[in-house]
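Report on the following structure.
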Amino acid sequence: MKELLTLSIAEISHKLHARELSAIELTEAVLTHISETEPHVQAFITPTPELAREMARHAQARLDAGERTPLLGVPIALKDNLCTRGVRTTCASRILHNFVPPYDATVVERLRAQGAVFVGKLNMDEFAMGSSTEFSAFHPTRNPWDLERVPGGSSGGSAAAVAAHMAYATLGSDTGGSIRQPAAFCGVVGLKPTYGRVSRYGLVAYASSLDQIGPLTRTVEDCAIMLNAIAGKDPHDATSVDVPVPDFREALVDDIKGVRLGVPKEFFGQGVMPEVAETVRRAIGLLESIGAEVQEVSLPMAEQSLAIYYILAPAECSSNLARYDGVRYGLRVGAEKGHIGMMEATRAAGFGKEVIQRIIIGTYALSSGYYDAFYLKAQKGRTLLRQQFDAVFQQVDALVCPTAPTPAFKLGELVDDPLAMKRADVLTIPVNLAGLPGLSVPCGFVNDLPVGLQIIGKPFDEATVLRVGYAWEQLACLRDELRTPRALARAL
Amino acid sequence: MAITLEQMRHTAKLARLELTDEQLTELMRPINALMEHFERLQALPLDAVEPTSHSIPVFNAFREDEVGATLARADALANAPEARDGLFIVPRIVEE
């Protein structure tokens, strides 16, 4: 049974369809594995075993009735900033510690309709602000490859759960790299779709012009399966875009002859560890050897992305997080202090340090006298960056570069260094600012830790991004090596 | 352009955050590290550039004006820190 837990969605659903095992047996096996593994990894905030059993029974009934869809009966898990009807959704914050949403996020509703089985809600940096999951108000999550290291963030629980076989796939959210960077750190596949490809309805907002929901999986094919399930226009999200949704599985042709790949030189500087750059360059060389046309390109504005992002994202967050006021839901502190005093006390007690820091930066950047110097400048810088991406995509079909400058760092290592932690996202942030799709696929190891290859595409061209990722995956044959995170194997 | 303690106090007030001077002083170090990093934007040739608020331009999103499902009152109130008679209860706002 244990080896079944390491299979892909495509593989396990084949077994469910062939009736080699039932959705109920599979879910029980996953729940047992979670109970053994979770004490070492701590990927979850709220496990939902009873809900999972109920969903597994329904899924099995549908399987028995002859339904054959790829997610039917497959155990998955959700980042805890996705609203789940009747299941606590905390955003890893004290201010939402008791919040039980009265509705499902659109992506959650779509996965329910597909018959996926929810095994729990996953840990994250509070309000998705962070790169290590250490800013969770509850507990840190550990990297299954080295339990002394972080899983990345903010979707650290989502990446660790997939790597540690506690779910076949998970959903995360990515505002500046929060899917791709933890995917790279944990040796899994992670996709941030184009802004507007997936509905954000029911995703607790951090920075609304940058946030996007996406899957973390073991294979590129699974990533396509998950994207098929969640993509598409949603009347509940006016920023979701009404463009055709192809069957992303059909994009997975193991042939990239003639595909033009750009290597943006700025993505190999900016503190990228030489061994990481070398591992990624080797992967690009192999892609060239099977027919990709590789050329160096330049995106000078990428080096300004961190500054642009840390003005725009906090500005949007300061506005979005104004809703946590102790009135309609969540924590309330200091009711005796009057209505303003209650709001001030509630917010100070409910938000962690990193969140407060970003609210203050954002409020300051938007405040009278500073708007032009900060916010407007950052928005204009964003335009220049986008124009440079547009120009580069006249010459190439996709960009390839590292996902993160280093492999996973140690717990506590960067927590007190205000800029070092933020630099973990320096190679992923430009993609959010330009609204592009970005995929991280494992491409090798440095010091026994996984390294991610990032593939960036044109708006709404996830198909090409997935195709390049799939070709790399078939070529690299890392699947067996990725199957067993060593530290976890030793711990169990 | 470093932020001062006085500006920190004012900003915390705008953001409705009850923070002591000690907490604000502690927050100044990381905030000023970022502020210093922001300086690099000042040198960019941005005068003739239009700002971008959304990467994928979406203009008016119209829909038919039809009555759909809405949240039941009991569901809307279920998470309230305090509720009574179908209403959210908050500290007194108007003085007697």
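The values are calculated or read from the model by the stated rules, or taken from the named source; none is laboratory data. If you're wondering where the values come from, they're calculated on a predicted model, not measured in any experiment. Note that we place each Cβ from the backbone using ideal geometry, even for glycine, and neighbour counts take in every protein chain shown. Ligands, DNA and RNA are stripped out before the accessible areas are found, and what is left, the full protein with its side chains, is counted by its heavy atoms. Shrake-Rupley method; radii C 1.70, N 1.55, O 1.52, S 1.80 Å.
For this structure, a couple of remarks:
- Interface burial in region A:361-386 reaches 40 Å² or more for A:ILE361, A:THR363, A:TYR364, A:PHE374, A:LYS377, A:GLN379, A:LYS380, A:ARG382, A:THR383, A:LEU384, A:ARG386, comparing the full protein assembly with the chain by itself; accessible area from heavy atoms with a 1.4 Å probe.
- Counting only residues at least eight positions apart within a chain, or on another chain, the aspartates and glutamates with an alpha carbon under 19 Å from that of A:LYS377 are A:GLU303, A:GLU316, B:GLU36, B:GLU39, B:ASP47, B:GLU50.
- Couplings 3J(HN,Hα) for region A:394-408, derived from phi with the Karplus relation 6.51 cos²θ - 1.76 cosθ + 1.60 (θ = phi - 60°), are 6, 9, 9, 8, 7, 10, 10, 6, x, 7, 9, x, 9, x, 3 Hz, where x marks Gly and Pro.
- Only Cα sites of region A:93-223 enter the Debye sum here, all with the same form factor; the resulting log10 I(q)/I(0) across q = 0.12, 0.13, 0.15, 0.16 1/Å is -0.41, -0.48, -0.65, -0.75, listed in q order.
- Distance distribution P(r), chain A, all Cα-Cα pairs, bin width 20 angstrom from 0: 26, 60, 14, 0 percent.
- Taking Cα atoms only, the orientation of helix B:5-14 departs from the longest principal axis of chain B by about 20 degrees.
- Per-residue [θ]222 nm for chain A (sum of -39500 (n - 2.57) over DSSP H runs n ≥ 4, rounded to 500): -11500 deg cm²/dmol
- Rh (Kirkwood; distinct C-alpha pairs) - region A:303-382, Å: 13.5 Å
- Each residue of region A:93-102 is assigned a 3J(HN,Hα), and the resulting list reads 10, 5, 5, 10, 4, 10, 7, 10, x, x Hz, derived from the Karplus form 6.51 cos²θ - 1.76 cosθ + 1.60 (θ = phi - 60°), x at Gly and Pro.
- Rounded percent of accessible protein surface that carbon and sulfur make up, the protein assembly as shown, 1.4 Å probe: 51 percent
- Relative contact order of chain B, defined on C-alpha pairs under 8 angstrom at six or more residues apart (%): 19 percent
- Chain A: relative contact order as a whole-number percent, Cα under 8 Å and 6+ apart: 18 percent
- Spatial offset of region A:193-259 relative to region A:274-304 amounts to 24 Å, using the alpha carbon center of each.
- Magnitude of the charge dipole for region A:1-128, about its Cα centre and with charges confined to Cβ atoms of Lys, Arg (+1) and Asp, Glu (-1), is about 300 debye.
- Total accessible surface hidden between B and A, rounded to 100 Å², 1.4 Å probe: 5400 Å²
- Per residue accessible area in Å² of chain A, where ligands, DNA and RNA are left out and the probe is 1.4 Å: 31 Å²
- For A:ARG149, the amide hydrogen comes within under 5 Å of the amide hydrogens of A:ASN143, A:LEU411, counting only partners 5 or more places away or on other chains and with H modelled in the peptide plane.
- Charge dipole (chain A, unit charges on Cβ, about Cα centre) - positive-most of A:LEU16, A:PRO101, A:ALA161: A:PRO101
- Computed over chain B, the P(r) tail beyond 21 angstrom holds 70 percent of alpha carbon pairs.
- Listed by chain and number, the lysines placed with their C-alpha closer than 20 angstrom to that of A:LYS265 are A:LYS458; residues fewer than eight positions away on the same chain are left out.
- Once the chain from B:LEU87 to B:ALA33 is taken as fully extended at 0.36 nm per residue, the excess over their C-alpha distance is 15.0 nm.
- Using Cβ point charges alone (K and R +1, D and E -1), the dipole size of region A:303-382 about the Cα centre works out to roughly 120 debye.
- D by Stokes-Einstein for region A:172-304, Kirkwood Rh over Cα pairs, 10 °C, 1.306 mPa s: 94 µm²/s.
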